[in-house]
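The values are calculated or read from the model by the stated rules, or taken from the named source; none is laboratory data. Owing to the predicted nature of the structure, the values given are computational and were not obtained by experimental measurement. Every residue, glycine as well, gets a Cβ built from its backbone with ideal geometry; the counts of neighbours run over all protein chains shown.
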Amino acid sequence: MERLSMPYDMDEAQDEDASNLKLPEDLEDVKYFNNSEVHILLEEVKKKRLQEAEKLANATEYDENLDDVPQIGIPEILDVTLDYTEQVRLFKSETSVNAVRRMLSKYELGLHPFEQATLANLCPHTPEEAQSFMSSLENRSYADLMLVLEDVCLKRSLQY
């Protein structure tokens, strides 16, 4: 059996450095989401698919010639991913999710969107813990990083 491999450019790999947030070019202009945001987006997708299925069901009641119309359902992967994001998301309400995103983007630390999403996902309690997850945070001020983490953790605790 022949093994397929992706072309790998060693020069490009050397240019990438996650510790300095030097990401591959195809990830430079990507919008990063935390798990709570992904959950909200997937809920919207499921809601729209269910509405489409309901419209289709109502249309077929009145038109018997719609046998060829494809049925709209919910893919299993959508339900599985929704279940997963339900378990791992830290912020339950859309208000909390939006507040955390605004909060993380407003700080003068200049957090990269990837760092913002990761901090919201992991909600570390100390700068040391945050830096152990992301070495790109090591050059950030301890006091500034602590302020950010305290605010995120406070937002998490106040939602319950």
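Yes/no per residue for (1) of a type outside the set (A, V, I, L, M); (2) buried (at least 18 other Cβ atoms within 10 Å of the Cβ); (3) without any contact (Cβ under 8 Å) to a residue 60 or more places away in the chain:
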{"site": "90", "(1), (2), (3)": "no, yes, no"}
{"site": "110", "(1), (2), (3)": "yes, no, yes"}
{"site": "114", "(1), (2), (3)": "yes, no, no"}
{"site": "117", "(1), (2), (3)": "no, yes, no"}
{"site": "156", "(1), (2), (3)": "yes, no, no"}
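Working only within the stretch 11-52, note down all residues that are among the hydrophobic types (A, V, I, L, M, F, W, C) and at pLDDT below 80. Explain how you work it out, then say what you get.
Restricting attention to the stretch 11-52, the residues satisfying the condition of being among the hydrophobic types (A, V, I, L, M, F, W, C) are 13, 18, 21, 23, 27, 30, 33, 38, 40-42, 45, 50.
If the condition is that a residue be among the hydrophobic types (A, V, I, L, M, F, W, C) and at pLDDT below 80, then 13, 18, 21, 23, 27 are the ones that fit.
Residue 132 fails exactly one of the following numbered conditions: (1) under 19 Å from the mean Cα position of the chain (by Cα); (2) over 22 Å from residue 40 (Cβ atoms). What is the number of that condition?
(1)
What number of residues in the stretch 72-96 are under 15 Å from the mean Cα position of the chain (by Cα), modelled with pLDDT under 95 and part of a helix (DSSP H, G or I)?
3
Condition (residue is outside the structural domain of residue 39 (by TED's automatic domain parsing), surrounded by fewer than 18 Cβ atoms within 10 Å (Cβ to Cβ), farther than 23 Å from residue 27 by Cβ and of a type in the set (D, E, K, R)) applied to the stretch 133-141: is it met by at least one residue? Spell out the reasoning first.
Keep residues of the stretch 133-141 that are outside the structural domain of residue 39 (by TED's automatic domain parsing), which gives 133-141.
Then drop every residue that is not surrounded by fewer than 18 Cβ atoms within 10 Å (Cβ to Cβ), which leaves 133, 135, 138-139, 141.
From what's left, farther than 23 Å from residue 27 by Cβ: 141.
Those still in the list that are of a type in the set (D, E, K, R) too: none.
Checked against the condition, which is being outside the structural domain of residue 39 (by TED's automatic domain parsing), surrounded by fewer than 18 Cβ atoms within 10 Å (Cβ to Cβ), farther than 23 Å from residue 27 by Cβ and of a type in the set (D, E, K, R), the stretch 133-141 yields no hits at all.
Identify, please: which residue in the stretch 122-132 is among the polar types (S, T, N, Q) and in a helix (DSSP H, G or I) and is, among those, surrounded by the fewest Cβ atoms within 10 Å (Cβ to Cβ)? So that I can check it myself, show each step before the final result.
From the stretch 122-132, those among the polar types (S, T, N, Q) are 126, 131-132; that's our starting set.
Pick out the ones that are also in a helix (DSSP H, G or I) and you get 131-132.
Numbers: 131: 17, 132: 12.
Filtering first and then ranking leaves 132.
I'd like to check something: does the stretch 62-71 contain any residue that is modelled with pLDDT of 75 or more and either surrounded by 14 or more Cβ atoms within 10 Å (Cβ to Cβ) or not assigned by TED's automatic domain parsing to the domain that holds residue 153 (or both)? It would help to see each step written out before you state the result.
Let us first name the residues in the stretch 62-71 that are modelled with pLDDT of 75 or more, namely none.
Within the stretch 62-71, none of the residues are modelled with pLDDT of 75 or more and either surrounded by 14 or more Cβ atoms within 10 Å (Cβ to Cβ) or not assigned by TED's automatic domain parsing to the domain that holds residue 153 (or both).
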